[in-house]
Amino acid sequence: NLYIEDINNIAISSESVSKIYKESQIKALEDVSFDINIGELIVLIGPNGAGKSTMINCISGGIKPTEGVFKILGENRVHSLGVCYQTNVLIPQLSVEEHFELFGAFRGISKETLRTSIEYLSTNMQLTHILKNRAGDLSGGQKRKLCIGLSLLGNPEIVLMDEPTAGVDVQACQ
């Protein structure tokens, strides 16, 4: 019974995950296994090329591991994740507000909740004054803040962030 309770407390598990990039034969991850419990905050640190971004990309389903498996809340699923990748994933022609609306539609957020969420996130990410601006016209820091806001939209159960504050001013980082 204790074992069942432990399984129900695991947010992310990794079972013998390896990732080898075929074109360069670089081994980014080798036999990585771990469990992250619900409520834990984990920070990955290491030198460039250590595999941190590869790990996040594999967990989120952005790339497939060569071997092994990740489980999110006990299942092979990624719909419970909010992800802020190392590079900004934005559509230059869409406005800030349209990005929130698009991601809200992906996550199945009701229109009422979406309005409240856009107001809250745009205020906290200092994006309110540029909601109608196209993403392609934003500064690097504004793009980054939009990506952070999108990862938090819908209050996902698990949030993965890869260098979320790179290029963001000190006030916004706080």
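Some points to look at:
- Kirkwood hydrodynamic radius computed over the range 125-169 comes to 11.3 Å, based on all pairs of distinct alpha carbons.
- Once backbone amide H atoms are built at 1.01 Å from N, Leu138 has no partners under 5 Å, excluding neighbours fewer than 5 places away on the same chain.
- In this label model, Gln174 and Val43 are separated by 1.7 nm, measuring between points 7 Å along each Cα→Cβ vector.
- Two-site FRET efficiency, Lys64 against Thr165, from Cβ-Cβ distance with R₀ of 35 Å, rounded to 0.05: 0.80
- Rg ratio (alpha-carbon, reference 2.2 N^0.38 Å) - the range 40-99: 1.35
- Taking the accessible area of the chain, probe 1.4 Å, and keeping the other protein chains in place, the carbon and sulfur fraction comes to 52%.
- Computed from backbone phi with θ = phi - 60° and the Karplus coefficients 6.51, -1.76 and 1.60, the 3J(HN,Hα) list for the range 42-50 is 10, 10, 8, 10, x, x, 4, x, 7 Hz; x is used for glycine and proline.
- Working note: 222 nm ellipticity from helices only, DSSP H runs with n ≥ 4, each -39,500 (n - 2.57), summed and divided by the residues of the chain, gives -10000 deg cm²/dmol to the nearest 500.
- Secondary structure note: in the chain, about 80% of the DSSP beta bridges are antiparallel.
- The range 67-174 pair-distance distribution - Cα-Cα, 5 Å bins, rounded %: 2, 12, 22, 24, 19, 10, 5, 3, 1, 0
- Computed from phi, the 3J(HN,Hα) profile of the range 58-69 under the Karplus parametrisation 6.51, -1.76, 1.60 (θ = phi - 60°) reads 6, 4, 6, x, x, 9, 9, x, 5, 9, x, 8 Hz, with x in place of Gly and Pro.
- Under 5 Å, built H, 5+ apart or other chain: amide partners of Ile10: Ile38
- Sequence-separation-based contact order of the chain, relative, with Cα cut under 8 Å and 6+ spacing, percent: 23 percent
- Surface per residue (accessible, 1.4 Å probe) for the range 1-160, Å²: 60 Å²
- Cut-off 12 Å between beta-carbons: net charge of the residues surrounding Gln93, Lys and Arg +1, Asp and Glu -1: -1
- Evaluating kT/(6 pi eta Rh) at 25 °C and 0.890 mPa s, with the Kirkwood radius of the range 71-114 over Cα pairs in the Stokes-Einstein relation, gives 199 µm² s⁻¹.
- The range 117-174: trypsin sites (Lys or Arg not before Pro) in DSSP coil with no more than 12 other Cβ atoms inside 10 Å: Lys132
- Loop-exposed GluC sites (Glu not before Pro) per DSSP, neighbour cap 14 Cβ within 10 angstrom, longest uninterrupted part of the chain: 41-156
- With Cα atoms, 0 to 90° folded angle of helix 111-124 axis to the chain main axis: 90 degrees
The values are calculated or read from the model by the stated rules, or taken from the named source; none is laboratory data. Since this is a predicted model, take the numbers as computed values, not measurements. Note: ideal-geometry Cβ built from the backbone for every residue, glycine included; neighbour counts use all protein chains shown. Keep in mind that these areas ignore ligands, DNA and RNA; they rest on the heavy atoms of the full protein, side chains included. Shrake-Rupley method; radii C 1.70, N 1.55, O 1.52, S 1.80 Å.
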